[in-house]
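The block underneath contains the structure these notes are about, expressed in structure tokens.
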Amino acid sequence: GGAAAAVQFVLEQLGMEITSVSRTAGENRITYDKVTDEVIASITLIVNATPVGMFPHTDEAPELPYHALTSKHILFDLIYNPATTEFISRGKERKAQTIGGMLMLQTQAIASWHIWKKFM
């Protein structure tokens with residue numbers, strides 16, 4: 001969706017190599033069943049840009065091998081309701097660094113305020 005495209009754009013602008021995970025494979029996109037322990041070991045940043053885990057389905061998380069996460073991983077969830085998703089909880093259990101979706105929501109609000117303020 002739009003959030004995933006925005007995240008991908010920013011990360012590419014920062015010079016990062018991107019591999020997306022989806023239900024269907026494509027160019028630079030793999031399916032969840034292809035995310036192995038080795039894939040997790042080869043990356044450090046995982047961004048959840050899906051609605052999986054959003055209220056009211058708070059007991060769900062993207063299908064990843066969470067047991068392969070370490071303290072070297074960073075998990076960023078774009079979901080802000082609930083504040084701590086199952087994705088974030090599983091990352092914390094493995095001592096990964098985690099960032100919840102509230103940061104994204106607040107950052108968007110600040111940027112919107114600055115844009116609208118120009119028209120006032």
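The values are calculated or read from the model by the stated rules, or taken from the named source; none is laboratory data. The structure displayed is predicted, hence computed values, not measured ones. So basically every Cβ, Gly included, is an ideal-geometry build from the backbone, and we count neighbours across all protein chains shown. All accessible areas refer to the heavy atoms of the entire protein, side chains included, with ligands and DNA or RNA removed. Shrake-Rupley method; radii C 1.70, N 1.55, O 1.52, S 1.80 Å.
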Checklist outcome for this item: By the Cα gyration tensor axes a ≥ b ≥ c (a/c under 1.5 gives rounded; else a/b larger than b/c gives prolate, otherwise oblate), the shape of region 1-76 is rounded
Checklist entry - Lysine pairs, Cα distance under 24 Å, 8 or more residues apart or cross-chain: how many in region 10-120? => result 5
Checklist outcome for this item: Per the C-alpha gyration tensor (a ≥ b ≥ c, the square roots of its eigenvalues), region 51-120 is rounded if a/c is under 1.5, else prolate if a/b beats b/c, else oblate; here it's prolate
Checklist entry - What's the angle, to the nearest 10 degrees (0 to 90), between helix 102-117's Cα axis and the longest principal axis of the chain? => result 20
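What net charge is computed for the residues neighbouring A96, neighbours being all others with C-beta under 12 Å from the C-beta of A96, Lys and Arg scored +1, Asp and Glu -1?
Every neighbour counted, the sum reads +3.
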Item to check | Point-charge dipole on Cβ atoms (K/R +1, D/E -1) for the chain, about Cα centre, debye to 20 | outcome: 460
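Roughly speaking, to the nearest percent, how much of the chain's 1.4 Å accessible area is carbon and sulfur?
After summing per-atom areas, the C and S share lands at 58 percent.
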Checklist entry - When ligands, DNA and RNA are left out and all protein chains stay put, how many square angstrom of accessible area per residue does the chain have with a 1.4 Å probe? => result 69
Checklist entry - Pairing the Cα long axis of helix 2-13 with the longest principal axis of the chain, what angle in degrees results, from 0 to 90 and rounded to the nearest 10? => result 80
